[in-house]
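K.L.:
Dropping the structure in here first, questions after.
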Amino acid sequence: MSYILSSPSANTNPVLSLTVSGATTSNDAPLTIPSLQDVTINASTDVYTWTQLDKTAKLQVPTTSTNSISTNIVVDTALFFGDSGAEVGSAANKGLFKLSTEKVLVDFEINIGDRDSAAGGKKITGKGYVTGLSPAVSADQPVWVTPITITVDGEYGVASY
Amino acid sequence: MRDQIWDHINSLKFPGFNLSAELPWSNSGQPLYLKNLKTIYVDSDVTTNNTLITLMNGVEIVQEITSVKVYLATDAKKLPNIYETVVSGIKQAKDSAAITGVNQRQVDVIKTYDNDVMITEFEFRFTTTK
């Protein structure tokens, strides 16, 4: 059994990458988010439950899933407000704030395992919308931190590097 | 931080009190402030780092706390008339405009006794985030 570790020195730390869905070569610059505090990949499947008189336990079958990716990041100016030097209309140019307010459909990918090794790592992919931004700062924690939720439209995919 | 605190105290000019440019230790190991009463000594900076946020890409956001101690020894039997004014004035170094870029400013005042000498120790702490 080989465990999946997260280590920045081994390129196994999770990095979230967002690209405008359907982008052409003129606006496909990705928004790369390495400054993650934590990541949760949610795959919550709904369940249909019923009872039968010939059964002592309820019967259940899975139905549709509600998928999302949740993370907390430290806010960076270029990350949050966009890089004016990046391709106009790209995710890097828009930044998280505009991707959220303009409700842009994005392609996302996040690695689980080694980003540099086809044998060592996989990436979870899909499409979704940036939601759940709520940047906050306090006197005791004087660094802007915000949660991000990628509300996934459809299924996850799995790909190799 | 030591320079800014020293400059602030120096600007106050307390009559009957001196401000030394030296650090508060002597070669023999006995603190200089015990030998020279009513002389204010400002120690050098001490810095500690506390991790505030750890990111998975290896970056750490830390809080750096810079501490500076100031010592004043006076006769324990009879305090100078302006003693409280001196203590209040030294404490105000915490809010010196020359100290910038800090998130928190704190000062503690502790009094101890060594025979017939009362030692007033000020500990200034300045917190910055990096």
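K.L.:
Given Cα pairs under 8 Å that are at least 6 residues apart, what percent is the relative contact order of chain A?
P.N.:
25 percent.
K.L.:
Turning to a different aspect of this structure: Roll a 1.4 Å probe over the protein heavy atoms and report the accessible area of A:Ser84 in Å², nearest 10.
P.N.:
Number for this one is 110 Å².
K.L.:
Filter the trypsin sites (Lys or Arg not before Pro) in segment B:24-99 down to the DSSP loop ones having no more than 15 other Cβ atoms within 10 Å, then list what survives.
P.N.:
Listed in order of number, the matching sites are B:Lys77, B:Lys78.
K.L.:
Listed highest first by mean packing, meaning other Cβ atoms within 10 Å per residue, what order do B:103-115, A:90-102 come in?
P.N.:
In decreasing order of mean packing, B:103-115, A:90-102 become A:90-102, B:103-115.
K.L.:
For segment A:15-108, what are Rg and Dmax over the alpha carbons, in angstrom?
P.N.:
19.6, 67
K.L.:
OK, next. Taking each residue in A:140-148, count the Cβ atoms of any other chain within 10 Å of its Cβ, then average. What number comes out?
P.N.:
3
K.L.:
Can you figure out the FRET efficiency of A:Thr24 with B:Thr100, using R₀ = 41 Å and their beta-carbon distance, to the nearest 0.05?
P.N.:
After rounding, the FRET efficiency stands at 0.30.
K.L.:
Still on this model: Seen from all sides and averaged, what is the projected area of the convex hull of the Cα atoms in segment B:34-130, in nm²?
P.N.:
Here the figure is 7.5 nm², rounded to one decimal.
K.L.:
Determine which aspartates and glutamates satisfy two conditions relative to B:Lys111: a Cα distance under 20 Å, and not lying fewer than 8 residues away in the same chain.
P.N.:
Counting by Cα, and skipping residues close in sequence, B:Lys111 has these aspartates and glutamates nearby: B:Asp43, B:Asp75, B:Glu84, B:Glu121, B:Glu123.
K.L.:
Pop a pseudo-label 7 angstrom from the Cα along the beta-carbon direction at both B:Leu12 and B:Val59 and give the gap in nm to one decimal.
P.N.:
Modelled inter-label distance: 4.1 nm.
K.L.:
Sticking with this structure for a sec: Taking 0.36 nm per intervening residue step and subtracting the Cα-Cα distance, what contour gain separates A:Thr51 from A:Asn72 on full extension?
P.N.:
Computed gain between A:Thr51 and A:Asn72 is 3.5 nm.
K.L.:
Here is a follow-up. Using helices alone, I'd like the mean residue ellipticity at 222 nm for the protein assembly as shown: each DSSP H run of four-plus residues gives -39500 (n - 2.57), total over residue count, nearest 500.
P.N.:
So the calculated ellipticity at 222 nm is -3500 deg cm²/dmol.
K.L.:
From other protein chains only, count the Cβ atoms within 10 Å of every residue's Cβ in B:60-71, then give the mean.
P.N.:
1
K.L.:
What residues of segment B:85-123 lie in the reach of a label at B:Ala76, counting those whose backbone N is under 11 Å from a point 7 Å from the Cα along Cα→Cβ?
P.N.:
B:112-119
K.L.:
Scan around A:Gly121 for amide H atoms under 5 Å from its own, H built in the peptide plane at 1.01 Å from N, and keep only partners 5 or more places away or cross-chain.
P.N.:
A:Asp114, A:Tyr161
K.L.:
By how many degrees, between 0 and 90 and to the nearest 10, does the Cα long axis of helix A:91-101 differ from the longest principal axis of chain A?
P.N.:
Once rounded, the angle reads 60 degrees.
K.L.:
Mind listing the long-range amide H neighbours of B:Asp114? Cut-off is under 5 Å, sequence gap 5 or more, other chains count too, H placed in the peptide plane at 1.01 Å from N.
P.N.:
The list, which skips near neighbours in sequence, is B:Ile119.
K.L.:
Now for a separate question. Mind listing the phi-derived Karplus ³J(HN,Hα) values for segment A:43-56, rounded to whole Hz, using 6.51, -1.76 and 1.60 with θ = phi - 60°, and x for any glycine or proline?
P.N.:
9, 9, 9, 6, 10, 9, 10, 8, 10, 10, 5, 8, 10, 8
K.L.:
Here's another thing I want to ask about it. How big, in percent, is the set of alpha carbon pairs in the protein assembly as shown lying more than 24 Å apart?
P.N.:
The proportion of pairs with Cα distances above 24 Å equals 66 percent.
The values are calculated or read from the model by the stated rules, or taken from the named source; none is laboratory data. Just so it is clear, the structure is predicted and the values come from calculations on it, not from any experiment. Reconstructed Cβ throughout: ideal geometry from the backbone, glycine too, with neighbour counts over all protein chains shown. Accessible surface areas use protein heavy atoms only, side chains included; no ligands, DNA or RNA. Shrake-Rupley method; radii C 1.70, N 1.55, O 1.52, S 1.80 Å.
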